1. Farthest toward the dipole's positive end in the protein assembly as shown, which of A:SER156, A:LEU75, B:VAL242, given Cβ charges of +1 (Lys, Arg) and -1 (Asp, Glu) about the Cα centre?
2. Please work out, to two decimal places, the log10 of the ratio I(q)/I(0) at q = 0.10, 0.12 Å⁻¹ from a Debye calculation in which every Cα of chain C carries one identical scatterer.
3. Using every pair of alpha-carbon atoms in segment A:1-41, split the distances into 10 Å bins beginning at 0 and state the percent of pairs per bin, rounded to integers.
4. Residues of segment B:98-130 that become at least 50 Å² less accessible with every protein chain present than in their own chain isolated, using 1.4 Å: which are they?
5. Work out from phi, with θ = phi - 60° and the Karplus expression 6.51 cos²θ - 1.76 cosθ + 1.60, the ³J(HN,Hα) of each residue of segment C:135-143, listed in order in whole Hz, and give x for Gly and Pro.
6. Using a 10 angstrom cutoff on alpha carbons, build the Gaussian network for chain A and name the most mobile of A:ALA160, A:ALA43, A:ALA21.
7. Which residues make up the longest stretch of chain B clear of trypsin sites (Lys or Arg not before Pro) that lie in a DSSP loop with no more than 13 other Cβ atoms within 10 Å, not counting the sites?
8. For B:84-91, what's the mean count of beta carbons from other chains sitting within 10 Å of each residue's beta carbon?
Amino acid sequence: MRLLLRIHTLLVLLFLYLPIAVIVVLSFNQSRFGVQWRGFTTAWYEKLFNNPRIALYAENTLVVAVVSTLIATVLGTLLAVGLYRYRFRGKGLLRFLLYVPVVIPDIVMGVALLLFFAWVREATGFFRLSLFTIILGHVTFQLAYVALVVKSRLASLDPALEEAAADLGAGGFATFRYVTLPLIWPGVLAGALLAFSLSLDDFVITFFTAGPGSTTLPLYIFGSVKRGVTPEIHALSSILIAASMAGVLLGRALLRRR
Amino acid sequence: MATESRKPPEGPPAVELKNVRKVFDSETVALDGVSLAVREGEFFSLLGPSGCGKTTLLRILGGFEVPDAGEVRIAGQDMKDVPPFHRPVNTVFQNYALFPHMNVFDNVAFGLRMKRLPEAQVRRRVEAMLELVQIADLARRRPHELSGGQKQRVALARALVNEPKVLLLDEPLGALDLKLRKELQIELMRLQMELKITFVYVTHDQEEALVMSDRMAVMRDGRIEQIGLPEELYERPRTPFVARFLGTSNLIEGRALEPHAIETPLGPLRVVAELTPGRDYLLSIRPEKLRLSRAPSGGPNEVRARVRDIVYTGAENQYILSAGELELIAYTLNADISEPGYEEYDYGEEVFVRLPPENLVVVGG
Amino acid sequence: MVVPALFMLVASFLQRGPHGTLVGPPTLANYLRFFGLTEAGFDPLYLLILARSVFFALVVTLITLLLGYPLAFAIAQSRHKEALLLLVVLPFWTNFLIRIYAWIVIFQKKGVVNAFLGMLGLDPLTLYPSWFAVYTATVYTYLPFLVLPVFTAVERVDWTLHEAAQDLGAGRFRSFLHAVWPQTLPGVVAGVLLVFIPALGTFVISDLLGAGRVILIGNVIQQQFGVVRDWAFGSAAAYVLMGLVLLGLWLYARRAGEEGLDRLV
């Protein structure tokens, strides 16, 4: 039984890493077509680095991830603290709504945002599809994740601590600044890391909210794949795989140290 | 009720409540029209079982709950719409609520820093306060590195350093073991005398309240049952609840025959209180007030009883007695057997029990 | 998030105007069309696609469960569970699209599988585009979603019950069924939801690995918003999908409470 479980684990892990390994190996293959091994080369990487558009798409991707993460982290933290601290009507509904972006198929969110932006554009001439709309789109789902992560951190907090701060003369903001925020900081950080990687991972929301001139790396890959598989895409994907894995490991190390 | 105080009132009461009412979730009545006044410099205890409203009352004073009706004054000021951070009170929380991310010094300095006092002054006052509560050597420790008793001292220092008009304490010794609790009781009384700050002290431990308080209030179901000096509440409980909650009590029902005589299952008894003939009363007498003897002493209110059970507690013997259909409990101090007048009784022995009229208290009618 | 959803609700009751704009008057036609009630008579085209999508998501969930449940168990009982768990979630953090793309490389005509078969002297298979490819990639994509909550549940299992059951003479399998499986059920339900819902709504996987031959409800929505530009009908289809999901989520929240909802994060 134990052996069976082990074999199963090994096979599933193989299944999980096979596609990644294939991409990485092929990115060093000299052959332009097919998967036959024709010798080692870094030519595809060189080609990639000499492509100025790739640099621009990478920049777009990062700008979206960084800006949306910052906005979502601030808003999500405030939302979680508000839900924790105040009693108000409709709070139960709002709490349920927090979970909706987490589980709703992303296509539904994508088309809803597309429609919304189109409508606002019609009415105000504002909100052309651009990096800005992608960022807004990302914030809508990141917000919920950040709020939920911070919320779980707040749940482990002794409510008397905020009362103690108020008792000692701290107003609402001072209490947040000197007591609540330092205590939930690991949660805020974890939420921000999650939001950042969700932004990098996202394709669907970006697909529906992107406009001309706001191509990101995933969009570029999508477009290229529809035209056919190329070694440059292998190379680009390999770099992204390496970057995200490094990011995850770094994030874990960072969180563990706290 | 009008009582004598050991400290004559000076100026307005430190705390004054008038008809305070608080209902949770529009059905649970936590406070049902509570009125009381705490004098300046007084050690005042709120005593009662859990759910009696004592903690809600304290939280209303701290500003963490808003009363639905009634008036709250602290140091003469109306507290309506005054948030916790503008009140001249500080709280010692039940589980200390020390800020885990700050060391002891920063915890204690928090309130002074919120008042934007110069750092040199903060330092001086915090150090003096840590000295006063005897934890000066722990200033750099984090709360999780402290024992329960040490945390309690930090919580006290953190509140007292702000020199509040009133210190609110919510079962501050509840989480400590018995020995430490006794120690800190004495410590708290010393601090209160030294600093002359009004203490409002919430506890469910009747012994703690009796030992520490200048005056106390017994609460039940959101109402105050009785307010007064500890010995007054103990010796002259006005309700069966107070009689039972503060220690043990023998409760005896009866119907008044004359202004000072009442017919009970033990037979007719004499009382000091003035009764209305024909009305039903409930009498209470403390177990240590019962006088046992082998031979009749000839005093009033003497009845015969049989020893049903004996509990030896070290300092005293507790006798469970049957007197007719009634069960009485009597405590006798465990003196030396050679002491004149000292007796020990045996299981099943017939004894005479005297209920001195001056110790028979009317607790209900 | 709420505001766009409300906009979409309005849109789903409008009609397609010239050049793909939305015009009034309000109508139920989009929903009627989705459920097959057209002026030309009953046409179950979209209902069939919906049914197919549900069936697809169910099969994906089942396969994921068969793969993921024992895996979660193995990880929870391993000495290296931290490392194993990291290994399972690591691929999940690389961009979703890259993971899909990798399967094209594996399954395409001159891809890895066929190259391998060629080495063995076998005839090449047409694996891309195909349903098989779509299933494989979908299972691949959502497997960690199931493993994580099940792992958490397995970690909390009280094994004394299992031992007690065996002690009372229950066979290994029966003891597992009665003493262990029920304890992991909350994690399984959360994991199943986390796989079923996105599988139901996917369009990228079916689009890329099905190359237009595999049409799920997600593809219908995407086409209405893309090529067809009938935003009103697209909104109605999106609302049917969202309605299904929210209904499921609401039922789940009622039974499992906020604690259960937290298991979904």
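The values are calculated or read from the model by the stated rules, or taken from the named source; none is laboratory data. It should be emphasised that the depicted structure is a prediction, and the values quoted were computed from it without experimental measurement. Neighbour counts run over all protein chains shown; Cβ positions are idealised from the backbone, glycine included. Accessible surface areas use protein heavy atoms only, side chains included; no ligands, DNA or RNA. Shrake-Rupley method; radii C 1.70, N 1.55, O 1.52, S 1.80 Å.
1. So the residue furthest toward the plus end is A:LEU75.
2. With one equal scatterer per Cα and no solvent, log10 I(q)/I(0) is -0.66, -0.89.
3. With a bin width of 10 Å, the distribution comes to 28, 32, 22, 15, 3.
4. Correct list: B:PHE99, B:HIS101, B:PHE110, B:MET114.
5. Coupling constants for segment C:135-143: 4, 4, 5, 5, 4, 4, 5, 9, 3 Hz.
6. A:ALA160
7. B:197-278
8. Shielding by partners across B:84-91 averages 5.
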